[in-house]
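To start, the structure under review is shown below, and the notes come after it.
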Amino acid sequence: MDYKEGDRIRVEKGGAAYEGVVMPSVTGHIVLKMVSGYNVGIEPDGAQITFLEPKKEIQKPEKQVKVTKNKGFKNVVFISTGGTIASKIDYRSGAVSSQCSADDIVRTIPELDDIANIRGRVVANILSENMTPQIWTELARAVYEEINNGADGIVIAHGTDTMMYSAAALAFMLDTPVPVVFVGSQRSADRPSSDNVMNAICATKVAVSDIAQVCTVMHESSSDDRCGIHYATRVRKMHTSRRDAFQSINSRPIGFVDYATGQITTESEYTARGETELALRDKIEPECAIVKFTPGARPEILGHYIDAGYKGIVIEGTGLGHVSTDWVPEIKRATQANIPIVIASQCLHGRVCDRVYDTGTDMLKAGAIEAEDMLPEVALVKLMCVLGQTSDLSEVQKLMQEKWANDISDCSLE
């Protein structure tokens, strides 16, 4: 029978029945988006197909959201960069695409109006794999501008895949007297299991709280019970699809938001609202890279980045932060060319220490800088920000090993 993408059909085969919206297929199978939000592929031979309804045309939302100003409520700006939290199913491509603005999010989550006076602003409308250091700069400037104009809190909707990079960047680029909260969702709004509403509500609760940090707020468990509040420089996405994918590394979370009551409990120190003066450091050096060392990897790999003109390199080394002996001359060549080499570890937990074995001491003599207990991606973002301030190697080492934004622990957690 005739049907097209976006139509709703019923497919019966082998004693099973499936209902859903027809998605694009490159294999010849019938692909349906079911009401559960999951896709199913069915071989068409021998299948009985029943047409249910034609494709629904998506109505364009109003351009403006009518938000009631509540006297005594704090003013929160909801900045959209895209990502799954701002996404819908695109039946043209069959994928999740970033289509909603910040205003769309506010419109679909009316509970936000009971927490704060909400205003939307769009900085980007991309999936997070398309995020760039240039957009970090635009985002930091937008946040600075909104706080300078009187915002009491900022919520940034961002894709989860690279959210830890962007959150770390803003933590290094901004001193903030108000909460700046990154939030995303693992599952898009059209899926019954979506986490977008709960995450957005909890993030807004933090945005009106006393926690004046750049932080991330995401599901803390697989249930809809509470969200974790994480330092922006201490969080990593630890699962591809679970709703509780975000976890604090080498640190306890700042705290938690109870979804049912909205109550915030804290477990770690934080900067209180109004304690810090607003400041922006928006110069950044994007030409930096992470190089992962693996057994047998040739030193020419590192040499490629040196010769290609990269201004700074983070090496993700082995346990305590090592590479093989034949990489040491390339490290020395880089530092002699005024290219800082920062050593992080492939281990998520613990601290780099290159003073235990001979290779480590040779790396330090060659000019390598230990990343302490920073995650490799945090060390990369920090290096970009440091090189935006100075290119002097001794100053770079000093700044990289100073605690900027809770990125380094005084002592590592066991």
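The values are calculated or read from the model by the stated rules, or taken from the named source; none is laboratory data. Owing to the predicted nature of the structure, the values given are computational and were not obtained by experimental measurement. FYI the Cβ positions are ideal-geometry reconstructions off the backbone, even for glycines, and counts take in every protein chain you see. Quick note on the areas: whole protein, heavy atoms, side chains included, nothing else; ligands and nucleic acids left out. Shrake-Rupley method; radii C 1.70, N 1.55, O 1.52, S 1.80 Å.
Of everything in the range 110-132 that is closer than 18 Å to Thr81 by Cα and in a helix (DSSP H, G or I), the residue that is most open to solvent (accessible area, probe 1.4 Å) is Glu129. Residues in the range 349-369 that are part of a loop (DSSP other than H, G, I, E, B) and either in contact with a Lys or Arg (Cβ under 7 Å, 6 or more places away or on another chain) or not assigned by the TED database to the domain that holds Glu330 (or both): Ala366, Gly367. When each of Ala207, Ala245, Ala232, Ala203 is tested for being under 30 Å from Ser391 (Cα atoms), open to solvent by less than 10 Å² (accessible area, probe 1.4 Å) and not assigned by the TED database to the domain that holds Leu380, the lone residue that passes is Ala232. List every residue pair whose Cβ atoms lie under 6 Å apart, where the two residues are 6 or more positions apart in sequence or sit on different chains, the first residue falls within the range 1-13 and is under 21 Å from Gly46 (Cβ atoms), and the second residue, located anywhere, is assigned to a loop (DSSP other than H, G, I, E, B) and open to solvent by less than 70 Å² (accessible area, probe 1.4 Å). Close Cβ pairs (under 6 Å, with a partner that is assigned to a loop (DSSP other than H, G, I, E, B) and open to solvent by less than 70 Å² (accessible area, probe 1.4 Å)) amount to Val11/Ala47; Lys13/Ala47. Among the numbered conditions (1) farther than 21 Å from Val386 by Cβ; (2) surrounded by fewer than 18 Cβ atoms within 10 Å (Cβ to Cβ); (3) at pLDDT 95 or above; (4) among the small types (Gly, Ala, Ser), the only one that Ser221 does not meet is (3). Scanning the range 356-414 for residues that are acidic (Asp, Glu) and closer than 21 Å to Ala337 by Cβ returns Asp362, Glu370, Asp392, Glu395. The residues of the range 247-263 that are touching a Cys at 6+ places or on another chain (Cβ under 9 Å) and more than 21 Å from Ser409 (Cα to Cα), listed by number, are Val257, Asp258, Tyr259, Gly262. Across the range 257-275, not a single residue is classified as small (Gly, Ala, Ser) and in contact with a Leu (Cβ under 7 Å, 6 or more places away or on another chain). Among the residues of the range 133-175, just one is out of contact with any Phe, Trp or Tyr (no Cβ under 9 Å at 6 or more places or on another chain), in a strand (DSSP E or B) and open to solvent by less than 10 Å² (accessible area, probe 1.4 Å), namely Gly153. Here Met374 meets each of (1) surrounded by fewer than 24 Cβ atoms within 10 Å (Cβ to Cβ); (2) in contact with an Asp or Glu (Cβ under 9 Å, 6 or more places away or on another chain); (3) assigned to a loop (DSSP other than H, G, I, E, B) with one exception, condition (1).
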